[in-house]
Amino acid sequence: MIRSMQQHKHACSMLIRHASTISIPNFIRAKELGKLVKKNTTAIAKAFCTRNNRKFYFQHEGESYKFDRAKDIVLPYAAVETWMKSALKGKTAIHDLVEPDLLQPSPPHDDHDILPASTSTDTPLSYTRNPVIAVMGHINHGKTSLLDTLRGSHVARGEVESITQTINVCESAITPSMDATFLDTPGHFHFTRMRNNAAGLADMVLLLVSLEEGSLMQTEESIGAIEELGLPVIVCLNKSDLAAENVAALTADLRLYNALEHAPMLPITALDRSSLIP
């Protein structure tokens, strides 16, 4: 009887503890946080942001972030955790790691899937994933057009003033047996941080340089990120249908950068699939 009461007390304690914790991912939208803590989006926006000229401004770790609408606000886990400690009594944020820990093997489905004891520690576990390739370069040098051609899409047509303003993520086959995840980065000078973030996630870089214009500001910025991170790179000399006579001169110019000294340089026409796939 006493043991049963103790078990019941423990179960109630676990339920209370579970009810007082809220799982928060690395980043969460204000609307989703409101649902979790039973507050509307406007209340969440007021708690984290100041408003000026109909824009929402969020300060975090010395940086300022601007959002056009309350529903666009994205909050990092650290800020949410601090706010919940001070504003929500009895509620605690716990970090929900959205991405699984690849160092931990999946549990076996049945007895036949269990590895022999002799191999459990001696044989290292290995996992495979698609390579991540950041597509970088100056504005209008053909990054989005290249990916449209590879995957048969029309993303470039729908972009405002033909300018990429976000990181577009897509997959495309690079061999008959392997796909790659491409990060299409914006080339406008305002998006430096976005480009650097993409490079930091990538396994390699596909650098596009227009044969008509040559190496420009964001080309040099991209090369700097490649050199700093030590990433392998393939250079695509785009618009060879319009300025093929510039291939030798541009190649020589790009070889002057340490990061591109030994990089493959391929003349291509991003709009022509036949120039991309043999």
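Rule-based calculations on the coordinates, nothing more; no lab input. Not measured: the values here are computed from a predicted model. All Cβ positions, even for glycine, are placed from backbone atoms using ideal geometry, and neighbour counts span all protein chains on display.
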Query raised in the report: Considering only the stretch 250-276, how many residues are without any contact (Cβ under 8 Å) to a residue 12 or more places away in the chain and farther than 20 Å from Glu221 by Cβ?
Result: 3
Requested in this report: Check off (1) within 26 Å of the chain's Cα centre (by Cα); (2) of a type in the set (Gly, Ala, Ser); (3) on the phi < 0 side of the Ramachandran plot for Ala252 and give me the number that stays unchecked.
Outcome: (1)
